[in-house]
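Working notes, beginning with the structure itself.
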Amino acid sequence: MSNFSNQIRASSSLIKRLRQRMTNPAALMQATRHFTTLEGHRPTIVHKRSLDILHDPWFNKGTAFSMTERDRLDLRGLLPPNVMTSEQQIQRFKADLKRLEVQARDGPSDPYALAKWRILNRLHDRNETMYYQVLIAHIEEYAPIVYTPTVGLVCQNYSGLFRRPRGMYFSAEDRGEMMSMVYNWPAEQVDMIVVTDGSRILGLGDLGVQGIGIAIGKLDLYVAAAGINPQRVLPVMIDVGTNNEKLLKDPLYLGLQEHRLDGDEYIAVIDEFMEAVFTRWPHVIVQFEDFQSKWAFKLLQRYRNTYRMFNDDVQGTAGVAIAGLLGAVRAQGRPMIDFPKQKIVVAGAGSAGIGVLNAARKTMARMLGNNESAFESAGRQFWVVDAKLSLLARYCKTAVIDLDNLVEALRIFFSYALSIIGMIIELVALYTQGLITEERENIDPEALPFARKVKEASRQGLREGASLAEVVREVKPDVLLGLSAVGGLFSKEVLEALKGSTSTRPAIFAMSNPTKNAECTPEEAFSIVGDNILFASGSPFQDVDLGNGHIGHCNQGNNMYLFPGIGLGTLLSGSRIISDGMLQAAAECLAEYMAEEEVLNGIIYPSTSRIRDITKEVAAAVVKEAIKEDLAEGYREMDARELQKLSQEEIVEYVKNNMWSPDYPTLVYRRD
Ligand SMILES: NC(=O)C1=CN([C@@H]2O[C@H](COP(=O)(O)OP(=O)(O)OC[C@H]3O[C@@H](n4cnc5c(N)ncnc54)[C@H](O)[C@@H]3O)[C@@H](O)[C@H]2O)C=CC1
Ligand SMILES: CC(=O)C(=O)O
Ligand SMILES: [Mg+2]
């Protein structure tokens, strides 16, 4: 043991000495690598023994405790005698899950998926290390359980599923207390926070406090894909109420049963939360997740130049879509630089859709010369179809909230009356859905830059509000991209219309989650539009057997390929903010990751089994860009000046060396 300590000390001092000289980054890298390896073997000091160890998920190894460790920690006799390896433990766990599969002979179903989630969640609660061993080793099998689609089901049922707390809850009732509450979290250091207010969970709408499930699921991917230490992640739910009438009436709902805070009151809560977490952990990175679009953009603008934060739905999704869109160009056998010639129809102008539109337009403009006219002409490549509520309908819905203070009888009466008026207006509002032109009233400011000029539209045989099928028929786009949260929106009529596409290989991105919200299935896409299309969906689908010895590949176009790398790269660069350039570098890295042959075969995103590798590359690209933009302030031993000296290969190596892996540490007991 003392040998270990000596080596670690020696290695640390070597790094220090090297840093003082700062002449040889390669030697520094080597010392850091040596140090990291030793740190991996450094024993962990625990201040507990016996059953307390077995009941602590950080330290518990279950049957994998060696006999000497059992003696050292007073565990002898508290476990069955057969000492198992990690591999045997995973085998036993999987065999147990297999039994569940045998029982669920009807094939995948919601109760089956939930049962699987419960079993994994119980493992998470009792043995963190083994949980991440299982997740990393079988990520393709378990990502759909801890992440989309099953995480959606989990959020919908969270009040019933809740057993043990995970993460922190800041509610509207906690105003004025957050700065002290944040010290209730036991970890001294937190690297990553994923926060949601539960207002738009996947495509499932407002799930209130139950939305914490999505923050937990995203952080599982941070650990599995980016190797962020699980002791340094924090899922957060900001409960400002819910406008989900069902949850408001549910006696078993776990959150605040009042309508959502709005306006300045809402912003004050989020401000207080941000101040609290950045006061305790100045270097933390905060990922905003699944906020309704009304707040997603405003909060992003409010914080992005002050705090280390990003919005995954707006910015992560945009990067993943750009990578996919560039892949679609390559899949047509054309160079990426042809991207500005693509005609793109987007269905859904919410936080994700607008994020994609802005990023795609900027990418095209850059390729066209990066000036104003390039930006103008890039804008003409997009046709946006949306369906929004009118302002009056929104007013009626909000008015219900304002009536809360009246006598109960009156409240109920007016509530119902206004809800009915709201519903009627909503129905009327449906007539205003469709192609967005400058003629549209009450257009969202974010969507305005993509509104088509009326004259231009009419020259194409289109008008304000033209249906998606009409738009596709007239535009004959290269790409049809859905971020609408409306399952089946790419109907037979729409897909038939896409057969007229002028592209040699039309691409369909049905990106809405979870599975039932996908705009179409791959079977529908391949069978209606043809074998030669490119298909991507937000949630995983099986590849399609095209029946002629060919496979219709189903790509998973999900921001999970970027957000872990964006977070890790930001952490390791020590960048003060997350710049557009860093996000662009992440997207380009993903786009270039796929080999020519894969792309020509219709594979534009890597399989989930490669997620740890792509995340490492994305993180390295983010670090590199942060250095280039002079934003990198360094991390631990690697300060800004040393980062500057690293070559591309050394940056990748640096990232790899700093990714946590789930190995059981040797435990040594010391009295408190
Ligand atoms: N694959 C991925 O990585 C990601 C997928 N998503 C998914 O995208 C969907 C949308 O997310 P957000 O943009 O954040 O939600 P949002 O609620 O902000 O946006 C949805 C938009 O679709 C529009 N819409 C509704 N019905 C429509 C219709 N019939 N035709 C055209 N547009 C219609 C709405 O008016 C709204 O503007 C969700 O299902 C979400 O799970 C979101 C982020 C990442
Ligand atoms: C994937 C994701 O972030 C979403 O569906 O909201
Ligand atoms: Mg999301």
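The values are calculated or read from the model by the stated rules, or taken from the named source; none is laboratory data. Computed from a predicted model, the values in this text were never measured in an experiment. Cβ atoms come from the backbone with ideal geometry, glycine included; neighbour counts cover every protein chain shown. All accessible areas refer to the heavy atoms of the entire protein, side chains included, with ligands and DNA or RNA removed. Shrake-Rupley method; radii C 1.70, N 1.55, O 1.52, S 1.80 Å.
Selection of region 532-565 for residues being open to solvent by 10 Å² or more (accessible area, probe 1.4 Å), within 16 Å of ligand 3 (Cβ to nearest atom) and either over 16 Å from LEU202 (Cβ atoms) or assigned to a helix (DSSP H, G or I) (or both) yields only ASN559. For GLN103, only one of the following conditions fails: (1) open to solvent by 70 Å² or more (accessible area, probe 1.4 Å); (2) closer than 30 Å to THR515 by Cα; (3) at pLDDT 70 or above. What is its number? Tallying (1) open to solvent by 70 Å² or more (accessible area, probe 1.4 Å); (2) closer than 30 Å to THR515 by Cα; (3) at pLDDT 70 or above, GLN103 fails exactly one: (3). For region 274-322, a residue qualifies if it is more than 11 Å from ligand 3 (Cβ to nearest atom), among the acidic types (Asp, Glu) and open to solvent by less than 30 Å² (accessible area, probe 1.4 Å), but none of them does. Is there a residue in region 164-177 that is open to solvent by less than 30 Å² (accessible area, probe 1.4 Å), touching a Ser or Thr at 6+ places or on another chain (Cβ under 7 Å) and assigned to a loop (DSSP other than H, G, I, E, B)? Within region 164-177, not a single residue is open to solvent by less than 30 Å² (accessible area, probe 1.4 Å), touching a Ser or Thr at 6+ places or on another chain (Cβ under 7 Å) and assigned to a loop (DSSP other than H, G, I, E, B). Evaluation of ALA115 against the conditions (1) part of a helix (DSSP H, G or I); (2) away from ligand 2 (no atom under 16 Å from the Cβ); (3) over 23 Å from TYR253 (Cα atoms) shows that the sole unmet condition is (3).
Show me the helices (runs of 4 or more DSSP H) found entirely inside region 228-315 where at least 2 residues are within 16 Å of ligand 1 (Cβ to nearest atom), over 19 Å from MET178 (Cα atoms) and among the aliphatic types (A, V, I, L, M).
On the way: elements: 245-249, 263-280, 293-303.
Correct list: 293-303.
A quick yes/no check of all residues on (1) under 30 Å from GLU69 (Cβ atoms); (2) at pLDDT below 95:
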| residue | (1), (2) |
| --- | --- |
| GLY634 | no, no |
| TYR654 | no, no |
| MET659 | yes, no |
| ARG671 | yes, yes |
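Here GLN189 qualifies as more than 16 Å from ligand 1 (Cβ to nearest atom) and open to solvent by 30 Å² or more (accessible area, probe 1.4 Å).
Regarding SER573, is this residue among the small types (Gly, Ala, Ser), touching a strand residue (DSSP E or B) at 6+ places or on another chain (Cβ under 9 Å), touching a residue at least 40 places away in the same chain (Cβ under 8 Å) and open to solvent by 10 Å² or more (accessible area, probe 1.4 Å)? Spell out how you get there, then give the answer.
Numbers: among the small types (Gly, Ala, Ser): yes; touching a strand residue (DSSP E or B) at 6+ places or on another chain (Cβ under 9 Å): yes; touching a residue at least 40 places away in the same chain (Cβ under 8 Å): yes; open to solvent by 10 Å² or more (accessible area, probe 1.4 Å): no.
So SER573 does not fit the description; no.
In the set (1) open to solvent by 30 Å² or more (accessible area, probe 1.4 Å); (2) within 25 Å of ASN559 (Cα to Cα); (3) not assigned by TED's automatic domain parsing to the domain that holds LEU207, ARG126 fails one condition alone, (2). Of the residues in region 300-311, at least one is under 14 Å from the mean Cα position of the chain (by Cα) and within 11 Å of ligand 2 (Cβ to nearest atom). Remark: pairs (first residue in region 355-373, outside any helix (DSSP H, G or I); second residue open to solvent by less than 50 Å² (accessible area, probe 1.4 Å); Cβ separation under 7 Å; 6+ apart in sequence or on different chains) = LEU368/PRO340; LEU368/ALA374; LEU368/SER377; LEU368/ALA378.
Looking across GLY205, GLY217, GLY213, one residue alone is within 16 Å of ligand 2 (Cβ to nearest atom), on the phi > 0 side of the Ramachandran plot and either touching a Phe, Trp or Tyr at 6+ places or on another chain (Cβ under 9 Å) or not in a helix (DSSP H, G or I) (or both). It is GLY205. Within region 476-484, identify whether any single residue is away from ligand 2 (no atom under 16 Å from the Cβ), open to solvent by 10 Å² or more (accessible area, probe 1.4 Å) and free of Cβ contacts under 8 Å to residues at least 60 places away in the same chain, and answer yes or no. There is no residue in region 476-484 that is away from ligand 2 (no atom under 16 Å from the Cβ), open to solvent by 10 Å² or more (accessible area, probe 1.4 Å) and free of Cβ contacts under 8 Å to residues at least 60 places away in the same chain. Residues in region 516-554 that are within 16 Å of ligand 1 (Cβ to nearest atom) and among the polar types (S, T, N, Q) were compared, and the one that is farthest from ALA469 (Cα to Cα) is SER539.
If only one of PRO81, PRO57 is touching a residue at least 12 places away in the same chain (Cβ under 8 Å), of a type outside the set (Phe, Trp, Tyr) and either within 25 Å of MET560 (Cα to Cα) or not in a helix (DSSP H, G or I) (or both), which one is it? Please lay out each step first, then the result.
Details: PRO81 fails: touching a residue at least 12 places away in the same chain (Cβ under 8 Å).
The match here is PRO57.
The set of residues in region 154-168 being out of contact with any Asp or Glu (no Cβ under 6 Å at 6 or more places or on another chain) and over 22 Å from PHE310 (Cβ atoms) consists of VAL154, GLN156, ASN157, TYR158, SER159, GLY160, LEU161, PHE162, ARG163, PRO165, ARG166. Looking at ALA318, ALA365, ALA360, ALA352, just one residue is within 16 Å of ligand 2 (Cβ to nearest atom), assigned by TED's automatic domain parsing to the domain that holds ARG452 and not polar (S, T, N, Q), and that residue is ALA352. Being near ligand 1 (Cβ under 10 Å from one of its atoms), open to solvent by less than 20 Å² (accessible area, probe 1.4 Å) and not acidic (Asp, Glu) is a property that does not hold for GLY379.
Which ones in region 336-350 are open to solvent by 10 Å² or more (accessible area, probe 1.4 Å) and either at pLDDT below 95 or part of a helix (DSSP H, G or I) (or both)? Even if it seems obvious, please write down each step before you answer.
First, pick out the residues of region 336-350 that are open to solvent by 10 Å² or more (accessible area, probe 1.4 Å): 336-338, 340-341, 343, 350.
Within region 336-350, MET336, ILE337, ASP338, PRO340, LYS341 meet the criteria.
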